[in-house]
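Have a look at the structure below before the remarks.
The values are calculated or read from the model by the stated rules, or taken from the named source; none is laboratory data. Owing to the predicted nature of the structure, the values given are computational and were not obtained by experimental measurement. Don't worry about glycine lacking a Cβ; one is built from the backbone with ideal geometry, like all the others, and counts go over all protein chains shown. The area values use the complete protein model at the heavy-atom level, side chains included, leaving out ligands, DNA and RNA. Shrake-Rupley method; radii C 1.70, N 1.55, O 1.52, S 1.80 Å.
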Amino acid sequence: MAGRLSRIDTAQPDLIARATLRIDTPGPALIEITHDAAQFLNQSGAGDGALTAFVRHTSASLTIQENADPDVRRDLLTALQRLAPENAGWVHDVEGPDDMPAHVKSMLNGVSLQIPVNEGDLALGAWQGIYVAEHRTSPHRREVVLQFCGSCANSDKATD
Amino acid sequence: MAGRLSRIDTAQPDLIARATLRIDTPGPALIEITHDAAQFLNQSGAGDGALTAFVRHTSASLTIQENADPDVRRDLLTALQRLAPENAGWVHDVEGPDDMPAHVKSMLNGVSLQIPVNEGDLALGAWQGIYVAEHRTSPHRREVVLQFCGSCANSDKATD
Amino acid sequence: MAGRLSRIDTAQPDLIARATLRIDTPGPALIEITHDAAQFLNQSGAGDGALTAFVRHTSASLTIQENADPDVRRDLLTALQRLAPENAGWVHDVEGPDDMPAHVKSMLNGVSLQIPVNEGDLALGAWQGIYVAEHRTSPHRREVVLQFCGSCANSDKATD
């Protein structure tokens, strides 16, 4: 074994909850949605389980990254810019020079995330935040599907 | 809050369904499996929940990308080629010059995806398709595990 | 359809189990946790469902990669090093020259994985292993949340 396993906690799955989060982006940015996700879990009455976040676009993406120094977010966008530059001989350019790089960035980052939920709380580390990454130059309206699968907060507490 | 949250829909989890999808790839390509995934959900009697797709290989991957202009797919393969070129001094070369780049591309793309399912339908955006990415030069047979966890279509409608 | 779909197996979701795996890393490395994940599933009494793995850090990540030739792992770290080099003009450098590259590598790899589970066994391919990727130069203690959602091993067998 590579590590030490903690005590195992169990619960009974009896809730699926889903909502759509709509976000207006300002152009290239990492926009934190951790609090929106926490609000969704709270309003859903979520207990133990997992949150799925899914962005319904191919030129935006989702990432979990440092929520402290804003310079980290700036550098992450720079890194993606370097990995998928404009004017790099892309065949697909009918939607503008920023579109194909946006698709590449979306592919590298991914559009789905899965985060464990512990008694209604996201099991994020201290420095982790959930971010929607906008990769297009102009502002866009983006949709993120949030879904919880797990136990109800009440039924969960009842079995403690 | 960064966005506006819609109404929350809920359901009761009472179905796990799993099947394996076998695909013959022609060499480097993005092969759409959206319709196969929809067929799986339909045959499973899926209601509300999430689909997990998982490719059981280390030189292929899964990605969700634009399903309209085929040039986008061509450029995505070009982008991966640039990020993981052949003849770049890789130590691992016993399986041919295309093998190690294929592992790197698989790592960057990832092998698992999670997509919310809404009354039996994938909650994909209008321009999103699910693709198996083949990264080896020669044709390969690939396996994708499809799994639904959520409510049954019937029990779901019963609670509407 | 792009492929051939196998028979569909179904089960009843009645178990959520969660534990935390603590790992001491030696600095940059891919550390296999496949056996730890299998142990967790076994101790949880897992049947059919899916395992979520989630690393609670922004300078480490998770990846599924080849478990045979160790040279592959060496080359994967080299590939990440090339995609996110040190001394590349990063703004964020207060935590050392290896910190910002570690965030970029973590973003590219991702921090969450989802793996189908079949009668208590991970549905990994023959050459797939689950790895925690350490991206910082110095040794770190890392936490990975493991979560199973699906059927109990017993209830599952009872319905066979």
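Brief remarks follow.
- Per the Debye formula on identical point scatterers at the alpha carbon atoms of chain A, with no solvent, log10 I(q)/I(0) at q = 0.10, 0.12 Å⁻¹ is -0.44, -0.60.
- 12 Å beta-carbon shell around A:Leu77, net charge (K/R +1, D/E -1): +1
- Sequence-distant contacts, meaning Cα pairs under 8 Å at least 6 residues apart, place the relative contact order of region C:40-110 at 41 percent.
- Excluding ligands, DNA and RNA and using a 1.4 Å probe, chains B and A jointly bury around 3900 Å² of accessible surface, summed across both partners.
- Angle in degrees between helix B:70-83 and the longest Cα principal axis of chain B, rounded to the nearest 10: 50
- Rounded to the nearest 20 debye, the dipole magnitude of the protein assembly as shown is 40 debye, with +1 charges on Lys and Arg beta carbons, -1 on Asp and Glu beta carbons, and the Cα centre as origin.
- Residue-averaged beta-carbon neighbours from other chains (10 angstrom radius) around B:144-153: 5
- Distance between region C:21-59 and region A:12-31 - C-alpha centres, whole angstrom: 26
- The mean number of Cβ atoms from other chains found within 10 Å of a Cβ in peptide C:35-48 is 2, as a whole number.
- Pairwise FRET efficiency - C:Ser138 versus B:Arg22, Cβ, R0 = 30 Å, nearest 0.05: 0.10
- When chain A is treated as a GNM with alpha-carbon contacts under 10 Å, the residue of A:Val72, A:Val145, A:Val117 showing the greatest mean-square fluctuation is A:Val72.
- Legend: mean number of C-beta atoms from other chains within 10 angstrom of residue C-beta atoms, peptide C:114-127, equals 5.
- Structure remark: mean-square fluctuation, Gaussian network model of chain B, C-alpha springs under 10 Å; the largest value among B:Ser61, B:Ser112, B:Ser138 belongs to B:Ser138.
- Accessible carbon and sulfur surface of region A:41-94 relative to its total accessible area, %, 1.4 Å: 42
- Per-residue ³J(HN,Hα) for region B:122-139, Karplus 6.51 cos²θ - 1.76 cosθ + 1.60, θ = phi - 60°, Hz, x for Gly and Pro: 4, 7, 6, x, 4, 9, 9, x, 9, 10, 8, 9, 8, 10, 7, 6, 9, x
- On Cα atoms only, tilt of A:99-109 relative to the major axis of chain A in degrees: 30
- As a calculated quantity, the FRET efficiency between A:Asn42 and B:Asp121 at R0 = 30 Å, using C-beta atoms, amounts to about 0.65.
- Teacher prompt: A:Val91 distances to equivalent labels in other copies, 7 Å Cα→Cβ, nm: 3.6, 3.6
- Pairwise label distance in nanometres, C:Asp71 with A:Ser6, each label 7 Å out on the Cα-Cβ vector: 4.1
- Per residue, the accessible area of chain A comes to 37 Å², computed with a 1.4 Å probe over protein heavy atoms only.
- Assuming charge only on the beta carbon of Lys and Arg (+1) and of Asp and Glu (-1), the dipole of chain C about its Cα centre is about 180 debye to the nearest 20.
- Under the convention that each Lys and Arg Cβ holds +1 and each Asp and Glu Cβ holds -1, the size of the dipole of region A:1-95 around its Cα centre is about 260 debye.
- Nearest 10 degrees, 0 to 90: helix C:34-44 Cα axis against chain C principal axis: 40
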